[in-house]
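Written below as structure tokens is the structure these notes are about.
The values are calculated or read from the model by the stated rules, or taken from the named source; none is laboratory data. Since this is a predicted model, take the numbers as computed values, not measurements. Counting neighbours? That spans all protein chains shown, and the Cβs are built from the backbone with ideal geometry, glycine included. For the accessible areas, the whole protein counts, side chains as well, though only heavy atoms, and no ligand, DNA or RNA atoms are used. Shrake-Rupley method; radii C 1.70, N 1.55, O 1.52, S 1.80 Å.
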There are 4 protein chains.
Amino acid sequence: VNRPVRVAVVGLGYWGPNLARALEEVDNVHVTWLCDMRREVVDRVGRRHPSAARTTQVDDVLDDDGLDAVVVATPISTHYPIALAALSAGKHTFVEKPLTTSSAQAVALARLAAEQALVLMPGHTFLYSPPVRSVKRLIDEGHLGDIYFVSTSRVNLGIHQADVSVAWDLGPHDFSILRYWLGENPTWVTALTRSCVLPHVPDVAFVNAKFPSGTIAHVELSWLAPSKLRRTTIVGSRQMVVYDDTSNEPVRIFDSGVSLPDFGSYGEHRLSYRTGDIISPRIPHDEPLVVEFADFVAAIREGRKPVSHIDLGIDVVRVVEAVERSLDDLGARTTVEADIEVEAA
Amino acid sequence: VNRPVRVAVVGLGYWGPNLARALEEVDNVHVTWLCDMRREVVDRVGRRHPSAARTTQVDDVLDDDGLDAVVVATPISTHYPIALAALSAGKHTFVEKPLTTSSAQAVALARLAAEQALVLMPGHTFLYSPPVRSVKRLIDEGHLGDIYFVSTSRVNLGIHQADVSVAWDLGPHDFSILRYWLGENPTWVTALTRSCVLPHVPDVAFVNAKFPSGTIAHVELSWLAPSKLRRTTIVGSRQMVVYDDTSNEPVRIFDSGVSLPDFGSYGEHRLSYRTGDIISPRIPHDEPLVVEFADFVAAIREGRKPVSHIDLGIDVVRVVEAVERSLDDLGARTTVEADIEVEAA
Amino acid sequence: VNRPVRVAVVGLGYWGPNLARALEEVDNVHVTWLCDMRREVVDRVGRRHPSAARTTQVDDVLDDDGLDAVVVATPISTHYPIALAALSAGKHTFVEKPLTTSSAQAVALARLAAEQALVLMPGHTFLYSPPVRSVKRLIDEGHLGDIYFVSTSRVNLGIHQADVSVAWDLGPHDFSILRYWLGENPTWVTALTRSCVLPHVPDVAFVNAKFPSGTIAHVELSWLAPSKLRRTTIVGSRQMVVYDDTSNEPVRIFDSGVSLPDFGSYGEHRLSYRTGDIISPRIPHDEPLVVEFADFVAAIREGRKPVSHIDLGIDVVRVVEAVERSLDDLGARTTVEADIEVEAA
Amino acid sequence: VNRPVRVAVVGLGYWGPNLARALEEVDNVHVTWLCDMRREVVDRVGRRHPSAARTTQVDDVLDDDGLDAVVVATPISTHYPIALAALSAGKHTFVEKPLTTSSAQAVALARLAAEQALVLMPGHTFLYSPPVRSVKRLIDEGHLGDIYFVSTSRVNLGIHQADVSVAWDLGPHDFSILRYWLGENPTWVTALTRSCVLPHVPDVAFVNAKFPSGTIAHVELSWLAPSKLRRTTIVGSRQMVVYDDTSNEPVRIFDSGVSLPDFGSYGEHRLSYRTGDIISPRIPHDEPLVVEFADFVAAIREGRKPVSHIDLGIDVVRVVEAVERSLDDLGARTTVEADIEVEAA
């Protein structure tokens, strides 16, 4: 019989309570523990989850033999030790993005999970958002042709993080989406940032990235902007797409392009430009967090590889690391680390 | 008495006829020569300028002792020899952007012009567009505060140039505007491009630029895009501006920002976010080309330094050169050449 | 001392639970009763208000001598009998819009309330929305000059009411806003509607209205539309305003207009057109429902006339009545009933 | 052999020169006369048409036996006498919209043309605009289903006509488009207008119209508006369309609607709402005026009924007449005159 998957949520700051709520909406999941260092926070959130036990000690959680999985939503710097403890205690582990603050830590966690046959899943929620999946399908089905380039902006006014750059805060969204859509990680990046408001806390970043297939990308990230923008343009050899997460029409497909006839190219190129229909496909309204946790549960129950899988999570950390190294080297071209895959195919 | 300034237009392709028409709209200017290698082109354009002499030979133009000035609108690769000949013949010279294909050539022309006390003016028409001037005024009057960063996109579908990259074609617009607004040229750039459609003709470019004052900029240029975009965001410490050249409201001022109180910053930063009114100031409808030629004529008559001045024109060529060198070096950080100023203050 | 105002919420369908929640956010208000005919509904909503008593009988509520006020959010057809009972029981009464289904009923309630010195307040929540108040202030301070005309659209796809026309459902929003902004009710209306989907349930209405001051208005209401539109244009002799409730910039002020010079109008009118700045003033984010209930409480405590006052509520019912009569008479011009005011000035 | 159709343009004010230019772009058409009361206007426009004869006397034009057709672009009040003279002289006649200032005159002209087997064509240019034709095709092919209603706004700031209301000036555009799309004229209208700036010159009009098939329409016309709007919503039982003449995507098709299941409608209506893809079809860029004149020439050469045919032109005049009568009667419902058709089927 199918007993519920028992999950603990560790870290109940800004994002954790959302995770607890979303977990409750997944079939056959039970939030059995709520944990945060701050007693009053645990108690406040706990009121909405009367059947969950409450604690300020992670050890209480990990000592529970009946617990199946831990969801980690603590500050980034604590992801590694908590996930390490959770995996060591034999728990499936979901870690909010970014997985860790270094790829070495991320690889170590992945190896531990693989040895123990546990699920270790990074929380790249955007991979479960309906418009992002819709674009993935368009790419996979060949509608866009070869992906020439991607240009993306993720900017708005606030909220400055005090201890982490905009690249670590917002970058994982775009780097995970690019990794998901393109099925590859950049070979190298260059990055230019500035710490406009707080010293030593970059709050705007311009990142250029080159991919093995030839695709190039620009990623603009900022906590300083006149208005919210979540806009990505994908230009393919056959069609183009604009994905705008703030729009009522989040995906727009432009049947436009240029073609180079084979014949007659004696120095003179006669290109043919095509501008066709524009389609805004209907996009369903599924909540990404709920779909994401359903995928986590399916990974636990059926051994299925989740869409937000560990190799992708490691790759995202590697891109942010390269961005940070580029910055230290004043914007120089910086190779993104590529490693042997941790999981078997 | 004020006799008309007599001007020849050399090069009557796509852009030249516009220049001839605009020149006629400037007070006390007379288009006395039209010149193009193609006889039928000269004749066709000549019909609209019945009092202008027509020729297919530049020498006919330069031999005319009564001629005051030459406007050069030929293909980019011919700018240098034609401008050299015009200056050598003692004519004031206006050269369409970009001034030359190398900064060495640009400097040589500038020196020649200075020696002969002739006006040499690059045609950076956007510096005369009302919204660009309106933003310049906002910056100069301190409304924006320190300029943290600028992010700009200049993209649309077509028209591919066969012999020149998108950086040489579209880049001078943005590099001249940035030079004008900020009063400085980048220290270094990194560039990432791709030749998507034609081999060896980059049709998309992502350029990052770092300025001496600390301002950073991203410039996106492309002949491949789902829709036309001419959008620039300027984020300052006091206010922010969006300049959109395709909009009915080309300049929008956002009275928004973040401030860092001096007190109480013991590790914990309590930033204060401000979101205020948004203003779309009325922008006049003056035609940039006509204002530009009026400035050229004033430079000739009164010795006034034009807004689109020669140092700025040289600096723009230097930025494009650095972009091209960065590309040859696979996107590496590349220093923008800085030289002693050619003109006296 | 200031003991809490004790309020009952009667009717817990779609809107009632919102009212209960908003009431709890007003200072010194206590929701003491929740009432709905459906036991399971009362219990479900009651869980969020543990200190409120629950009942399926209105009489239980009205028999409570400690109760100060009743908030009525039942189906429209029951507004009159419930409000009548509540006032008869000596309770201050807030009734969701529209107040009643006939102006005779509305006047009867108003008289009863006046006799008993009780507050009777119709729930025209839009009068408390920050953009609507911002426009009111612009009008009152004379920035717009004389109001020439108002044109407004309130359309989207769904939700069809089965027992009431779109005029009764959506019309009170616009008619109350117009009454509030202009300080007057229409003299007459003409209306054209159609029952597109359900027989005898008009789901689109075009209403024209003429006001005593000369202002004219068009109100478009529809449950059938390709996309949501909440857009009102107010054209005054000095400035114009667009109020768009779905926009991030809900109020936009256009400093544009036409003026007729006094001189030289010999048959030939030389009008002078002015197009100036456009301003999107910052609009605060106060929740209208909470502000509305604070106004209700102030009316109870201090005898202050609320913004959404009873005369306005009666006038709104009169406009919808006239619209319905116009429809019965195939779109003929129909006088809006005007009566002696119920309340003293 | 196919000798050119010889055409005279009478009236060279604001619009006439455009007509002359467009005529020259139609195959096998020759502009042989230019005529305007003002000598200097004829001479100025004549410079662009060197092979056309010039005159200030209409009689000179009509006396030319070699002339085939007259295009009338004079002030509205002179349309009737000039068209009457042209038809009497045996010339095919094209009259700018509106055809005449009364339907009696329009019918008289139509009868005269029919008797003489001459083409009489009103210049409803919008019927030749690609987006309007695209919508017509969608309707005719049944994609929209039954047309429930149409709502349209045609407003901007300026230009006030001194001698004619906004209904006569802008109304014919919308009334001709509705007549074309729906294939029927309204049964009755109600109108509400105001003369805001000039006395006795209505500059804003709200027109409601009821059609024989049940379709209803609202038409908003104004010379006073904060910004230009040319927006029409067509709601059908199957799909909905927004036609926005100022947009880069002038036609947008919304695959959205409501359906009423046959079963189970015992008082409780369970409607099913559908929101599907949105498509912006590619719209060609043909110039409406040129296509219109090609249709005029085809009508002359081949006896083909033009899209902008005389019955439609008469119907448009009838609608404006009814609008004016409604205004005289303070907005009362006013029957639109319907007559026996002038032309045979």
| request: Please specify each residue of the range D:165-174 satisfying the condition of being open to solvent by 10 Å² or more (accessible area, probe 1.4 Å) and touching a helix residue (DSSP H, G or I) at 6+ places or on another chain (Cβ under 6 Å). | output: D:168, D:173
| request: Would you point out the residue of the range D:190-206, among those that are closer than 15 Å to residue C:218 by Cα and within 9 Å of chain C (Cβ to nearest Cβ), that is surrounded by the fewest Cβ atoms within 10 Å (Cβ to Cβ)? | output: D:194
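Per-residue answers, yes or no, for (1) open to solvent by 20 Å² or more (accessible area, probe 1.4 Å); (2) at pLDDT below 95; (3) under 21 Å from the mean Cα position of the chain (by Cα):
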| position | (1), (2), (3) |
| --- | --- |
| B:274 | yes, yes, no |
| B:281 | yes, no, no |
| B:289 | no, no, yes |
| B:292 | no, no, yes |
| B:295 | no, no, yes |
| B:298 | no, no, yes |
| B:329 | yes, yes, no |
| B:335 | yes, yes, yes |
| said: Step by step: first the residues of the range D:26-41, then only those that are farther than 16 Å from residue D:70 by Cα and modelled with pLDDT of 95 or more, then the one that is surrounded by the fewest Cβ atoms within 10 Å (Cβ to Cβ). Which residue is that? | reply: D:40
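Here's a check for you: in the range D:244-256, which residue that is farther than 24 Å from residue C:255 by Cα and out of contact with any Gly (no Cβ under 8 Å at 6 or more places or on another chain) is least open to solvent (accessible area, probe 1.4 Å)?
Restricting to residues being farther than 24 Å from residue C:255 by Cα and out of contact with any Gly (no Cβ under 8 Å at 6 or more places or on another chain), the top hit is D:251.
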| note | Counted residues in the range D:171-201 being at pLDDT 95 or above, on the phi < 0 side of the Ramachandran plot and part of a loop (DSSP other than H, G, I, E, B) come to 4
| request: Just need a number here: residues in the range A:220-243 that are open to solvent by 30 Å² or more (accessible area, probe 1.4 Å) and assigned to a strand (DSSP E or B). | output: 3
| task | Return only the number of the condition from (1) within 24 Å of residue A:184 (Cβ to Cβ); (2) open to solvent by less than 10 Å² (accessible area, probe 1.4 Å) that residue A:339 does not satisfy. | result | (2)
| message | Could you tell me how many of the residues in the range A:185-228 are within 25 Å of residue A:257 (Cβ to Cβ) and touching a strand residue (DSSP E or B) at 6+ places or on another chain (Cβ under 8 Å)? | response | 13
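Any residue at all in the range B:36-49 that is under 25 Å from the mean Cα position of the chain (by Cα) and of a type in the set (A, V, I, L, M)? Spell out how you get there, then give the answer.
Our first condition is that a residue be under 25 Å from the mean Cα position of the chain (by Cα); within the range B:36-49, this holds for B:36.
Then drop every residue that is not of a type in the set (A, V, I, L, M), which leaves none.
Within the range B:36-49, not a single residue is under 25 Å from the mean Cα position of the chain (by Cα) and of a type in the set (A, V, I, L, M).
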| How many residues does the range D:125-150 contain that are open to solvent by 10 Å² or more (accessible area, probe 1.4 Å) and within 14 Å of chain C (Cβ to nearest Cβ)? | 6
| message | With the requirement that a residue be open to solvent by 10 Å² or more (accessible area, probe 1.4 Å), modelled with pLDDT of 95 or more and aliphatic (A, V, I, L, M), what does the range D:68-92 give you? | response | D:73, D:82, D:84, D:85, D:89
| Mind checking which residues of the range B:202-216 are under 17 Å from residue B:324 (Cα atoms) and part of a strand (DSSP E or B)? | B:204, B:205, B:206, B:207, B:208, B:209, B:210
